[in-house]
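Note sheet for the following structure.
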2 protein chains.
Amino acid sequence: MKIVSIGLGLIGGSFALCLRRIFPNAEILGIDKSDAHISEAKSIGIIEDAATKKDIASANLVVLSVPVDVANTQIMSLLDQISEDCLVVDMGSTKSSICQLVAKHTKRAQFLAMHPIAGTEFSGPKAALANLFDHQLMILCEVEKTRPELVEKMEAILAEIPMNLRYMDAAAHDKHLAYVSHLSHVSSFMLGKTVLDLEKDEREIFYLAGSGFASTVRLAKSNPRTWAAIFSENKEAVLTSLKEYIENLKNFQELLENNDFANLELQLKETQRKKEVLKKEK
Amino acid sequence: MKIVSIGLGLIGGSFALCLRRIFPNAEILGIDKSDAHISEAKSIGIIEDAATKKDIASANLVVLSVPVDVANTQIMSLLDQISEDCLVVDMGSTKSSICQLVAKHTKRAQFLAMHPIAGTEFSGPKAALANLFDHQLMILCEVEKTRPELVEKMEAILAEIPMNLRYMDAAAHDKHLAYVSHLSHVSSFMLGKTVLDLEKDEREIFYLAGSGFASTVRLAKSNPRTWAAIFSENKEAVLTSLKEYIENLKNFQELLENNDFANLELQLKETQRKKEVLKKEK
């Protein structure tokens with residue numbers, strides 16, 4: 001079995017480590033725009049070597065884990081290159097644009113759109129974790145358009161990790177992820193910016209920051225390249241959720257300006273009406 | 001030694017547990033508006049019993065850990081009741097208003113304004129942790145207005161925990177905390193609200209939430225009563241930081257609307273120019 005992992009960062013690296021565990025005898029090769037990443041991935045044991053074009057043509061599985069805009073520029077020619085038995089999976093955080101792109105490709109049935117709900121704020125091969133995906137959720141989009149035995153092959157791999165599977169429409173995926181993931185990142189990046197802007201004048205405020213601040217700005221450490229691409233690919237849904245968020249903040253501002261502390265407290269309590277949904281934390 | 005802890009929640013309960021460790025023979029008594037909290041605090045071993053008015057008059061140390069607006073309504077009569085040797089410390093998250101209130105009290109020199117930079121999103125006596133303050137920061141405001149031997153007494157206790165000490169002006173404290181703590185809470189509460197509002201129509205979006213979402217909305221689980229009071233007491237500084245935050249979000253929205261992804265990515269990178277300040281997480 002020959003596997004090619006395109007993109008050897010947090011997601012691609014971690015998934016390759018899973019595949020290594022499941023297929024100890026597989027040949028796992030890698031492609032990355034960064035030579036340093038290739039070397040690192042080799043030294044850590046994520047891949048055996050760099051992959052060539054020939055390797056793609058003879059691969060059984062190709063895993064694409066690159067920024068979502070890059071995935072869109074590569075997917076068509078990638079499908080052109082693969083053999084008849086090969087499955088290409090994409091691990092990106094947005095699914096509509098790539099599904100639209102491949103829709104009419106003659107090898108559409110050899111493509112599977114996936115999105116693991118797992119990650120950390122770190123990036124690069126050194127951030128890869130062998131257990132990153134354990135018991136986490138994998139969303140699969142438009143499985144009905146992928147050749148059944150290829151879907152089953154991937155499902156068997158995911159069951160082995162093990163991951164929990166959910167099947168979704170690509171548009172619904174993108175809309176919902178805007179709320180429960182992409183908006184959190186916007187919020188966190190801009191919170192970091194707001195406080196850093198102040199810090200230009202007030203050099204010492206950060207020693208005052210406690211674990212609450214750290215928790216809300218944790219995602220601001222995420223890879224800017226990766227996230228700029230996600231925001232652009234999922235522009236409309238991110239804008240919708242962002243506008244609602246800004247409205248809520250402005251409403252909060254007004255309550256405070258009007259000294260309407262009773263309603264302000266009520267709003268905070270409302271937020272907790274489903275406290276259990278706020279629970280899950282890694 | 002007799003200690004009275006007024007307020008037996010997360011902060012008051014945890015500090016009482018520290019005092020118990022440092023003074024195994026001290027009598028630690030408690031006051032709380034909730035009878036259930038008194039019982040819980042007794043059964044956990046935070047206090048020996050409920051305190052009476054008489055206990056306040058004979059106490060050596062009174063620790064006030066109630067919502068900041070409640071502290072303001074209680075502090076003056078509390079100072080009236082204490083003996084000549086007693087120290088009253090306030091543990092609230094805002095310091096300007098209480099310092100202004102006590103400024104002209106004849107027992108001003110027996111009051112010490114403190115703020116521990118430590119906490120969790122949980123509340124009540126059961127949330128108390130014996131090690132919550134270990135190696136965390138304690139800010140002391142206007143120490144020059146407190147009788148030196150009383151300051152030294154508290155410094156010795158804090159050194160024993162051990163906590164790190166910083167001395168600050170009350171107004172500077174409130175301004176800076178608005179940015180590194182209060183704004184994080186506003187952001188988190190409103191993010192929770194935004195996603196919960198959507199969830200009314202889309203019942204199942206939360207299974208899609210990963211650890212990133214959980215991290216950004218963790219603070220939305222904080223006590224609404226406590227936080228409504230902090231926002232109201234520190235209204236001006238919170239409004240200033242909130243308006244800047246909203247401006248940054250609107251600017252992000254514009255970059256996205258205008259497809260200016262280059263500048264959008266630049267903004268995300270800018271946020272990371274001091275990545276190390278985003279590091280600290282409990």
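The values are calculated or read from the model by the stated rules, or taken from the named source; none is laboratory data. Note that the structure is a prediction, hence the values are computed from the model and not measured. No Cβ is skipped: glycine too gets one built from the backbone with ideal geometry, and neighbour counts run over all protein chains shown.
Of the residues A:GLU254, A:GLU244, which is surrounded by fewer than 17 Cβ atoms within 10 Å (Cβ to Cβ) and either at the interface with chain B (Cβ under 7 Å from one of its Cβ atoms) or assigned to a helix (DSSP H, G or I) (or both)?
Testing whether each residue is surrounded by fewer than 17 Cβ atoms within 10 Å (Cβ to Cβ) and either at the interface with chain B (Cβ under 7 Å from one of its Cβ atoms) or assigned to a helix (DSSP H, G or I) (or both) leaves just A:GLU254.
Taking the criterion of being among the aliphatic types (A, V, I, L, M) and within 27 Å of A:PHE206 (Cα to Cα), would at least one residue in region B:75-88 satisfy it?
Filtering region B:75-88 down to residues among the aliphatic types (A, V, I, L, M) leaves B:75-76, B:78-79, B:82, B:87-88.
Checking the rest, the ones that are also within 27 Å of A:PHE206 (Cα to Cα) come to none.
No, there is no match, as no residue in region B:75-88 is among the aliphatic types (A, V, I, L, M) and within 27 Å of A:PHE206 (Cα to Cα).
Residue under question is A:THR106, and the condition is that it be under 28 Å from A:ALA178 (Cα atoms) and of a type in the set (Val, Ile, Thr); does it hold? Outline the logic, then answer.
Working: under 28 Å from A:ALA178 (Cα atoms): no; of a type in the set (Val, Ile, Thr): yes.
The answer is no for A:THR106.
Does A:SER215 satisfy the condition of being at pLDDT 90 or above and facing another protein chain (nearest Cβ under 7 Å)?
Working: at pLDDT 90 or above: no; facing another protein chain (nearest Cβ under 7 Å): yes.
No: the conditions fail for A:SER215.
Going by what's in this entry, would A:ASP169 be described as in contact with a Cys (Cβ under 8 Å, 6 or more places away or on another chain), among the acidic types (Asp, Glu) and more than 7 Å from chain B (Cβ to nearest Cβ)?
Working: in contact with a Cys (Cβ under 8 Å, 6 or more places away or on another chain): yes; among the acidic types (Asp, Glu): yes; more than 7 Å from chain B (Cβ to nearest Cβ): yes.
Yes.
For region A:214-241, which positions are part of a helix (DSSP H, G or I), of a type in the set (Gly, Ala, Ser) and over 22 Å from B:ASN258 (Cα atoms)? Walk me through how you get there before you give the answer.
Residues of region A:214-241 that are part of a helix (DSSP H, G or I), as a first pass: A:214-221, A:224-233, A:235-241.
Checking which are of a type in the set (Gly, Ala, Ser) leaves us with A:214-215, A:220, A:228-229, A:232, A:237, A:241.
Once the filter is applied, which keeps residues that are part of a helix (DSSP H, G or I), of a type in the set (Gly, Ala, Ser) and over 22 Å from B:ASN258 (Cα atoms), region A:214-241 yields A:ALA214, A:SER215, A:ALA220.
Go through (1) touching a residue at least 40 places away in the same chain (Cβ under 8 Å); (2) surrounded by fewer than 20 Cβ atoms within 10 Å (Cβ to Cβ) one by one and return the number of the condition B:HIS185 breaks.
Failed condition: (2).
Quick test for you: out of A:ALA159, A:ALA209, pick the one residue that is of a type outside the set (Asp, Glu) and more than 8 Å from chain B (Cβ to nearest Cβ).
Working: A:ALA209 fails: more than 8 Å from chain B (Cβ to nearest Cβ).
The match here is A:ALA159.
Suppose the filter is more than 18 Å from A:PHE111 (Cα to Cα), of a type in the set (Asp, Glu) and crowded, with 21+ Cβ neighbours inside 10 Å; does A:ASP32 pass it?
Numbers: more than 18 Å from A:PHE111 (Cα to Cα): yes; of a type in the set (Asp, Glu): yes; crowded, with 21+ Cβ neighbours inside 10 Å: yes.
Judged against the criteria, A:ASP32 is a match.
Out of B:LEU64, B:LEU78, I need the residue that is assigned by TED's automatic domain parsing to the domain that holds B:GLY13 and touching a residue at least 60 places away in the same chain (Cβ under 8 Å). Which one? Reasoning before the result, please.
On the way: B:LEU64 fails: touching a residue at least 60 places away in the same chain (Cβ under 8 Å).
Result of the check over B:LEU64, B:LEU78: B:LEU78.
If I filter region A:7-14 for residues that are out of contact with any strand residue (DSSP E or B) (no Cβ under 6 Å at 6 or more places or on another chain), assigned by TED's automatic domain parsing to the domain that holds A:GLN100, farther than 17 Å from A:LEU132 by Cβ and not β-branched (Val, Ile, Thr), do I get at least one hit? Even if it seems obvious, please write down each step before you answer.
Step one: of region A:7-14, the residues out of contact with any strand residue (DSSP E or B) (no Cβ under 6 Å at 6 or more places or on another chain) are A:7, A:9-11, A:13-14.
Now narrow it down to the ones that are assigned by TED's automatic domain parsing to the domain that holds A:GLN100: A:7, A:9-11, A:13-14.
Cutting the leftovers down to farther than 17 Å from A:LEU132 by Cβ gives us none.
No: zero hits.
Which number in (1) without any contact (Cβ under 8 Å) to a residue 60 or more places away in the chain; (2) farther than 15 Å from A:MET91 by Cα marks the one condition that A:ALA41 misses?
Condition not satisfied by A:ALA41: (1).
Return the residue satisfying two criteria in turn: it lies in region B:143-161 and is outside any helix (DSSP H, G or I) and more than 18 Å from the chain's Cα centre (by Cα), and of such residues it is surrounded by the most Cβ atoms within 10 Å (Cβ to Cβ). Let's see the steps before the verdict.
Looking only at region B:143-161, we keep the residues that are outside any helix (DSSP H, G or I), and these are B:146-147, B:161.
Then drop every residue that is not more than 18 Å from the chain's Cα centre (by Cα), which leaves B:146-147.
Working: B:THR146: 22, B:ARG147: 17.
Looking at residues that are outside any helix (DSSP H, G or I) and more than 18 Å from the chain's Cα centre (by Cα), I get B:THR146.
Could you tell me whether B:VAL102 is away from every other protein chain (no Cβ under 14 Å), within 27 Å of B:GLU233 (Cα to Cα), crowded, with 21+ Cβ neighbours inside 10 Å and under 19 Å from the mean Cα position of the chain (by Cα)? Break it down stepwise before answering.
On the way: away from every other protein chain (no Cβ under 14 Å): yes; within 27 Å of B:GLU233 (Cα to Cα): yes; crowded, with 21+ Cβ neighbours inside 10 Å: yes; under 19 Å from the mean Cα position of the chain (by Cα): no.
When the stated conditions are applied, B:VAL102 does not pass them.
Condition check: away from chain A (no Cβ under 14 Å), surrounded by fewer than 22 Cβ atoms within 10 Å (Cβ to Cβ) and over 30 Å from B:LEU219 (Cα atoms). Does B:ALA130 satisfy that?
Numbers: away from chain A (no Cβ under 14 Å): yes; surrounded by fewer than 22 Cβ atoms within 10 Å (Cβ to Cβ): yes; over 30 Å from B:LEU219 (Cα atoms): no.
No.
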